[in-house]
Amino acid sequence: MSLTAGIVGLPNVGKSTLFNAITKAGAEAANYPFATIEPNVGIVEVPDARLQKLTELITPKKTVPTTFEFTDIAGIVRGASKGEGLGNQFLSNIRNVDAICHVVRCFDDENITHVDGKVDPLSDIETINLELILADLESVDKRITRVQKIAKTKDAEAVKEYNVLVKIKEALENNLPARSVEITEEEQPIVRNLFLLTSKPVLYVANVAEEDLADLENNAYLQSVKEYAANEGAEVIAVCARAEEEIAELEEDEKQEFLEALGIEESGLDQLIRAAYHLLGLATYFTAGEKEVRAWTFKRGMKAPQTAGIIHSDFERGFIRAETVSFDDLMKYGSMTKAKEAGRVRLEGKDYVVQDGDIMEFRFNV
């Protein structure tokens, strides 16, 4: 799957430090705006304990995790929708991602300059949201002008699109994102074709100080972000980007020791990767044999032939059926043989909607 989440935020909130931690790609991190000019794209493994358990059960020659793509985008400033700073480039880059990870500074540090001179996470969020809303409003206004003329001729499709545009315009004018508008299933293709920035799903990444990790409830900045996100049904993941960058360089056993020293059970990055993965409606199925145990990413709602096609187009073209068992059932019975004896291995056809955690073997003929 080629879906990607874009890391956005004001300058100096920790975006590039976070990106470095995620990908170990070494994107430049500097204490001045626009250190990241071209978007940096990196691939990261999706943490999944099920893959390790399958490996322990089957002992294959190799294990291959599934991956996810993040894009680090240049910092935005007020006036970006009018071309201020790197505004035009920012808007173009963000248009190309499928979801937004909005990094918000939730720590005090007099050595790291804030672009507005003070730490105020809600103001930061609103600055970026407003710029995205203004950019979308300009796009919607242009589209309405064109569609309205056709709608006057009683063209049914134009009338339908015009009505959707009016709903979205009203929301944007009230400083609400396009994703807040109730859209019917019939109207969804119209919205998708508008490629609006504020229709993209969002999660907030609160970048906190290392000393706050063991007791996040006492971080007032973080609590304010959580309240804001709750109002729009968004998720908040708390991370310390600087600590995560250190953790990313450690071996697995050292990593666990470091996390224990910080007073946390799991890396914030592992939580972030999974949250971004699920935000895009992605899930994982597995193939498992003596040669290889492998995780594969698919879009929720996909049917068996489509998911087979992720491995190879021939699998989809010549799909016959898929031998399928759930991860939980395989773990319960301890082997495919015993799972079959218990009647838990199924032969699924072309209409089967694949479930997260399915372990599949595809039968095909081309």
Residue count, the stretch 310-347 (criterion: under 24 Å from K53 (Cα atoms) and either surrounded by 13 or more Cβ atoms within 10 Å (Cβ to Cβ) or touching a Lys or Arg at 6+ places or on another chain (Cβ under 9 Å) (or both)) | 22
Could you grab me the full set of residues in the stretch 242-281 that are in a helix (DSSP H, G or I), of a type in the set (A, V, I, L, M) and farther than 28 Å from L3 by Cβ?
-> L259, A261, L262
Does at least one position in the stretch 303-315 carry a residue that is touching a Phe, Trp or Tyr at 6+ places or on another chain (Cβ under 6 Å), in contact (Cβ under 8 Å) with a residue 60 or more places away in the chain and assigned to a helix (DSSP H, G or I)?
-> yes
Log entry, pairs with first residue in the stretch 258-269 being in the same structural domain as V239 (by the TED database), second being open to solvent by 50 Å² or more (accessible area, probe 1.4 Å) and not acidic (D, E), beta carbons closer than 7 Å, six or more apart or on different chains, reads F258/L250; L262/A214; G263/A214; I264/A214
Exactly one of T145, T153 is open to solvent by 30 Å² or more (accessible area, probe 1.4 Å), among the β-branched types (V, I, T) and in a helix (DSSP H, G or I), and that residue is T145
Determine, yes or no, whether A275 is closer than 16 Å to L51 by Cβ, under 22 Å from the mean Cα position of the chain (by Cα) and among the small types (G, A, S).
-> no
Restricting the stretch 50-70 to residues that are part of a strand (DSSP E or B) and of a type in the set (S, T, Y), the residue that is farthest from S335 (Cα to Cα) = T67
Give the stretch 336-358 a look and list any residue that's at negative phi, of a type outside the set (A, V, I, L, M) and touching a residue at least 60 places away in the same chain (Cβ under 8 Å), or say none.
-> Q355, D356, D358
Would you be able to say whether some residue in the stretch 197-210 is free of Cβ contacts under 8 Å to residues at least 60 places away in the same chain and surrounded by fewer than 17 Cβ atoms within 10 Å (Cβ to Cβ)?
-> yes
Any residue in the stretch 171-190 that is free of Cβ contacts under 8 Å to residues at least 12 places away in the same chain, farther than 30 Å from A261 by Cβ and crowded, with 19+ Cβ neighbours inside 10 Å?
-> yes
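The values are calculated or read from the model by the stated rules, or taken from the named source; none is laboratory data. Predicted model only: the values in this text are computed from it and were never measured. Cβ sites come from the backbone with ideal geometry, for glycine too, and all protein chains shown count toward neighbours. Calculation scope for accessible area: heavy atoms of the full protein, side chains included, ligands and nucleic acids excluded. Shrake-Rupley method; radii C 1.70, N 1.55, O 1.52, S 1.80 Å.
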